[in-house]
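A quick write-up on the structure given underneath.
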């Protein structure tokens, strides 16, 4: 049953603040984190909740991001509900422990304010950090709005803690573009969130009375089997995600899907993007539609596991897919999002032309005109019947 409107609190919140409020309502046992722009506000706000006695969470200020994720792994192993947050170089410093968290099946929720990686030093948005951790074993969900960030953070715990999953979940928001901009957010009553999530039921937590070993040495005799189990678990995520989101939609009326489709039914050319670029892409599609152009948009929410079936169905009989992505994979044939799309479409009966446009690195603005430029290029490539594997847009020549 949908929550009554008079029970909902409406606030103007930044993306960071929306996530902090979501974490507050999720009855965390432990939050361990180290400050880094543009994530810092998430933990600052949460520490205020703790200082004011509004939560009973153990907030652990650690000496590094490596230590933050290590503390989260240890706490999660005891059966605690755990979260952390980071970005950019901080996420990179967690590298070793990201793999430990996923491989040890710790349902940690990890919010990331996506930001460029050095060098040179840059504190603004792109998706280099999130794309860099794509093979760590984390579930990856990317958000377009503060409302979506709030909702997704809550759902992330229920997904991560499901016994068919037991994997960490990354919730990504665009640094500064979303993390620091104020938007309207509808917040659920805390008791509703508590009932929605329930109490975490760990499978076999660490306990001094029943000592066990976690993350032991596994050489050629067992390592492969552990990886096989981990892969099977992440393949279950779409099923559990749909189940959790359906329950959440009954409470709020809101759902996002693993992908968002916009005017794709008869589209001949489809724009595919993630996070806040999805909003710009939809506005561009509206304008182009008014001019008679058959343009649609797919906004990818779930990057890991990659929703192949949903992507292929949404693309349908389109002639071309224009990918706009904020990351590079140096030396690769093409870049992260395009590699996934090309692989997904490899066996498609009517395979469209795939265009890979790298945009917005280091926070470079991606205005509507950038999408229009890509669209005009795409029409020319369709006429020629060939296109480059990738190209950059918005770079000074």
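Every number in this text was worked out from the coordinates using simple rules, so none of it is lab data. In this text, all values refer to a predicted model and were calculated from it rather than measured experimentally. Ideal geometry is used to build each Cβ from the backbone, glycine not excepted, and the neighbour counts take in all protein chains shown.
Structure data summary
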read-out	value
Cα gyration tensor shape for the stretch 114-171, rounded if a/c is under 1.5, else prolate or oblate	oblate
Exposure proxy order (Cβ contacts within 10 Å, fewest to most) of 34, 99, 142	99, 34, 142
DSSP-defined beta bridges in the chain - what % are antiparallel, rounded to 5	25
C-alpha long axis of helix 40-51 to longest principal axis of the chain, angle in °	30
Fewest-first sequence of 299, 254, 134 by Cβ atoms within 10 Å of each Cβ	254, 134, 299
The stretch 5-252 - convex hull of alpha carbons, volume per residue in Å³	126
For 70, 146, order by how many other beta-carbon atoms lie within 10 Å, fewest first	70, 146
Nearest-ten-degree value, helix 223-235 long axis tilted from longest Cα axis of the chain	70
Angle between the chain longest axis and helix 15-25 axis [Cα atoms, degrees, rounded to 10]	30
Helix-only [θ]222 nm of the chain, DSSP H runs n ≥ 4, -39500 (n - 2.57) each, per residue, nearest 500	-12000 deg cm²/dmol
Label point distance in nm, residue 348-residue 118, each placed 7 Å from Cα along Cα→Cβ	4.1
Separation in nanometres of the label points that stand 7 Å from Cα toward Cβ, at residue 62 and residue 1	4.3
